[in-house]
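Peer 1: Starting off with a structure, shown below.
The values are calculated or read from the model by the stated rules, or taken from the named source; none is laboratory data. Treat the numbers as computed from the prediction; the structure is a model and nothing was measured. Here the Cβ positions follow ideal geometry from the backbone for every residue, glycine too, while neighbour counts run over all protein chains shown.
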Amino acid sequence: MRAKLVFLGRLEDVAGRAGEDIAASAPLDWYDVIGWLGGHFPPELADAVVSEKVRVAINGALVADKYELVLADGDELAFLPPVSGG
Amino acid sequence: MGNDVRLLAAAFDPAALLGAFTAELPHAGGVVSFLGQVRAGEGVEALELRHYEPLTLPAMCDLAKRVRGRWDLDGLLIVHRSGTMMPGEPIVLVAAAARHRRDAFAAADYAMDHLKSESWFWKRERRDGQWHWIEPREQDFEDIARWG
């Protein structure tokens, strides 16, 4: 399966880029995603996204509990740090 | 009239938008508007707002529906910029039109508090040529808590 990761706000700076494609032989759970981030990015990124302040969305829908997510083929997973608009 | 909610990538003219909005609402007794602009000073050379396409505009539309459900309005306009802006440039325009002014004041106030603290925007400022991400302020959370 192939999916897309999107890093918003300061997470883009931590990752060094705005997004990344992820490929795996099967759907991934949250721990798989964190492990994959740890293998492909500076350790600060995985540390940042596990913060309870970072929400996640799959295909534009907020995930209530990121520890329960399943990332499947064609999905887009966005990491959303605290907002600061207006 | 329905809600007019826009997410714009380029500069806008708040007076023109407000004029067009009120022209369609002759029966509204009061129109309250708020304009937020990039604050000059403190060494800020530019401000950038990032958004996330699948979330940002849909959430702004949901907010507009909540505002309409809470107050009796004749019209509601919410315009928000994304992208890079210079000091003095408009960032956000909210206008609420109602038969009675108190509904219009409260609706615009509520919409702004929720745009500030709940909308999907990430802000950074350029000072001395360096970009700095802006963290949410404690005051923003206190502002939103007022509404229960």
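Peer 1: Can you tell me which residue in segment A:1-42 is surrounded by the most Cβ atoms within 10 Å (Cβ to Cβ), limited to those that are without any contact (Cβ under 8 Å) to a residue 60 or more places away in the chain and of a type in the set (D, E, K, R)? Working first, answer last.
Peer 2: Just the residues of segment A:1-42 that are without any contact (Cβ under 8 Å) to a residue 60 or more places away in the chain, to begin with: A:12-42.
Still in the list and also of a type in the set (D, E, K, R): A:12-13, A:17, A:20-21, A:29, A:32.
Working: A:12: 18, A:13: 15, A:17: 10, A:20: 16, A:21: 8, A:29: 14, A:32: 16.
Per the stated criteria, the residue is A:12.
Peer 1: From the set of residues in segment B:117-143 that are among the small types (Gly, Ala, Ser) and surrounded by 13 or more Cβ atoms within 10 Å (Cβ to Cβ), which is nearest to the other protein chains (Cβ to nearest Cβ)? Give the steps one after another, and end with the answer.
Peer 2: Taking segment B:117-143 as the starting set, the residues that turn out to be among the small types (Gly, Ala, Ser) are B:117, B:119, B:129.
Checking which are surrounded by 13 or more Cβ atoms within 10 Å (Cβ to Cβ) leaves us with B:117, B:119.
Details: B:117: 7, B:119: 5 Å.
Only one residue fits best here, namely B:119.
Peer 1: Quick check on segment A:4-13. Is at least one of its residues within 14 Å of chain B (Cβ to nearest Cβ), on the phi > 0 side of the Ramachandran plot and more than 9 Å from the chain's Cα centre (by Cα)? Let's see the steps before the verdict.
Peer 2: Quick first cut of segment A:4-13, residues within 14 Å of chain B (Cβ to nearest Cβ) only: A:4-13.
With the extra rule that they be on the phi > 0 side of the Ramachandran plot, the set shrinks to A:9.
Still in the list and also more than 9 Å from the chain's Cα centre (by Cα): A:9.
Within segment A:4-13, one or more residues are within 14 Å of chain B (Cβ to nearest Cβ), on the phi > 0 side of the Ramachandran plot and more than 9 Å from the chain's Cα centre (by Cα).
Peer 1: Please work out which one of (1) within 11 Å of another protein chain (Cβ to nearest Cβ); (2) under 17 Å from residue A:8 (Cβ atoms); (3) at pLDDT 95 or above is the condition residue B:91 fails and give its number.
Peer 2: Tallying (1) within 11 Å of another protein chain (Cβ to nearest Cβ); (2) under 17 Å from residue A:8 (Cβ atoms); (3) at pLDDT 95 or above, residue B:91 fails exactly one: (2).
Peer 1: In addition: Restricting to segment B:83-102, count the residues that are in contact (Cβ under 8 Å) with a residue 60 or more places away in the chain and surrounded by 21 or more Cβ atoms within 10 Å (Cβ to Cβ). Give the derivation first.
Peer 2: Step one: filter segment B:83-102 for residues in contact (Cβ under 8 Å) with a residue 60 or more places away in the chain, giving B:83, B:85, B:89-90, B:93-101.
Of the ones still in play, those that are also surrounded by 21 or more Cβ atoms within 10 Å (Cβ to Cβ) are B:93-98.
Within segment B:83-102, residues that are in contact (Cβ under 8 Å) with a residue 60 or more places away in the chain and surrounded by 21 or more Cβ atoms within 10 Å (Cβ to Cβ) number 6.
Peer 1: Right, next: What number of residues within segment A:28-45 satisfy the criterion of being under 22 Å from residue B:122 (Cβ atoms), more than 9 Å from the chain's Cα centre (by Cα) and hydrophobic (A, V, I, L, M, F, W, C)?
Peer 2: 2
Peer 1: Select from segment A:54-74 the residues that are within 14 Å of chain B (Cβ to nearest Cβ) and of a type in the set (A, V, I, L, M, F, W, C) and list them in ascending order.
Peer 2: A:54, A:56, A:57, A:58, A:61, A:62, A:63 - these are the residues of segment A:54-74 that are within 14 Å of chain B (Cβ to nearest Cβ) and of a type in the set (A, V, I, L, M, F, W, C).
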